[in-house]
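Notes follow once the structure below has been shown.
The values are calculated or read from the model by the stated rules, or taken from the named source; none is laboratory data. Remember, predicted model here, so these are calculated numbers, not experimental data. Note that each Cβ is placed from the backbone with ideal geometry, even for glycine, and that neighbours are counted across all protein chains shown.
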Amino acid sequence: MLSAVVRHSARSVRLCSSYVKQARFLFELKENDETCRQALRSGSFYLFHNFSPLVRKSGSSFYAPAVTGPGSFEKSALEEEFSGKFTDLRKAFVQINGEDGCLLSKAQSLLRWHDCHQYCSKSGKPTWKNVSGSKRVCQSNGIIYYPQTSPVVITLVSSGNRCLLAHQESFPAGMYTALAGFCEIGEKLEEAIRREVAEEVGLVVDTISYSGSQHWPFPTSSLMLACQATVKDDRLEINRSEIEDARWFTLEEVIEALQVKILPPKLPDGTFPVWVPPKIAIAHQLIQEWVQEQKALHGS
């Protein structure tokens, strides 16, 4: 399945002289089919094949080219024409910059949503997609469906001068990160954090501070709500059905893990060095934030 997602248009650039104008123009693109059709004529596009974006190498870095008017819709022909390769999005995130990553994240999530919502959940009849892809409408009863995202708490737990990082079986070898889990219906952010930490590592959260948020396309479309949390009792009781391993790391160990290359080779003893998610992930930002706080506290 080949898909193209519009990146921008010359007309939108001319009209967007301020944030408010930009926001209103984007709203018009989503709601007015004719406005969207006009933008498509002068727009550039990200290309996807089976939800994998086209990624091209430039020197030592990678980026997702925004192309115009592809001459062929064959996968191999497109890869040759644009000197790129359709790459799994998780792998692409390791290679590309933050701006491309953010746009590709939104694009893939939208494509997946449309793929999974072609029929009305009430009538069972086909739904119709508007030009921009901002919604789907049931042809039989007029119900409008909008793309949805699932809230996920991601929490870096610390105790004194150590922080807790965990590894799941599905992770690449050696990768450790902050604890994360979906919010349940009716939960507040703080309740979800306390529950997830208790479930996964058997700790009782003492304090919580909000750090930031990020859209994340996996497993479908998630809103990552990032927080720092502290605990007083640091005795771990790991729930092996949830995570494979969890450890307390010192500041020095975390700094070393931040310096390890993504997807590192095995060490001489056959094990893998500990490393953390790439910079594009909010987990990386949480860990960096904790490191800077520790350095400030200890004057290093």
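Only residues that are more than 27 Å from residue 72 (Cα to Cα) and touching a helix residue (DSSP H, G or I) at 6+ places or on another chain (Cβ under 6 Å) were counted across segment 22-50, and they come to 2.
Out of segment 133-167, which residues are in a loop (DSSP other than H, G, I, E, B), among the small types (Gly, Ala, Ser) and in contact with a Phe, Trp or Tyr (Cβ under 8 Å, 6 or more places away or on another chain)? Once the filter is applied, which keeps residues that are in a loop (DSSP other than H, G, I, E, B), among the small types (Gly, Ala, Ser) and in contact with a Phe, Trp or Tyr (Cβ under 8 Å, 6 or more places away or on another chain), segment 133-167 yields only 134. The condition of being touching a strand residue (DSSP E or B) at 6+ places or on another chain (Cβ under 8 Å) and of a type outside the set (Phe, Trp, Tyr) holds for only one of 160, 174, 142, 124, that being 174.
Matching residues to (1) assigned by TED's automatic domain parsing to the domain that holds residue 166; (2) touching a residue at least 24 places away in the same chain (Cβ under 8 Å); (3) within 13 Å of residue 178 (Cβ to Cβ):
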| position | (1), (2), (3) |
| --- | --- |
| 251 | yes, yes, no |
| 255 | yes, yes, no |
| 259 | yes, no, no |
| 262 | yes, yes, no |
| 265 | yes, no, no |
| 270 | yes, no, no |
| 280 | yes, yes, no |
| 289 | yes, yes, yes |
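Let's see how each residue does on (1) touching a Lys or Arg at 6+ places or on another chain (Cβ under 9 Å); (2) closer than 28 Å to residue 255 by Cα; (3) free of Cβ contacts under 8 Å to residues at least 24 places away in the same chain:
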position	(1), (2), (3)
107	yes, no, no
131	yes, no, no
143	yes, no, yes
151	no, no, no
155	no, yes, no
168	no, yes, no
179	no, yes, no
216	no, yes, no
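Output the number of residues of segment 193-214 satisfying the condition of being in contact (Cβ under 8 Å) with a residue 40 or more places away in the chain, assigned to a helix (DSSP H, G or I) and either aliphatic (A, V, I, L, M) or within 16 Å of residue 150 (Cα to Cα) (or both). So the count comes out to 4. Of note, residue 44 satisfies the criterion of being within 27 Å of the chain's Cα centre (by Cα), modelled with pLDDT under 90 and either outside any loop (DSSP other than H, G, I, E, B) or assigned by TED's automatic domain parsing to the domain that holds residue 104 (or both).
Regarding segment 168-182, can at least one residue be identified that is exposed (fewer than 15 other Cβ atoms within 10 Å of the Cβ), part of a strand (DSSP E or B) and among the hydroxyl-bearing types (Ser, Thr, Tyr)? Among the residues of segment 168-182, not one is exposed (fewer than 15 other Cβ atoms within 10 Å of the Cβ), part of a strand (DSSP E or B) and among the hydroxyl-bearing types (Ser, Thr, Tyr), which makes the answer no.
If a residue has to be farther than 16 Å from residue 211 by Cα and either β-branched (Val, Ile, Thr) or at pLDDT below 95 (or both) to count, how many in segment 174-191 make the cut? Summing the residues that are farther than 16 Å from residue 211 by Cα and either β-branched (Val, Ile, Thr) or at pLDDT below 95 (or both) in segment 174-191 gives 1. Scanning segment 109-129 for residues that are in contact (Cβ under 8 Å) with a residue 60 or more places away in the chain and either touching a His at 6+ places or on another chain (Cβ under 8 Å) or not charged (D, E, K, R) (or both) yields a total of 5.
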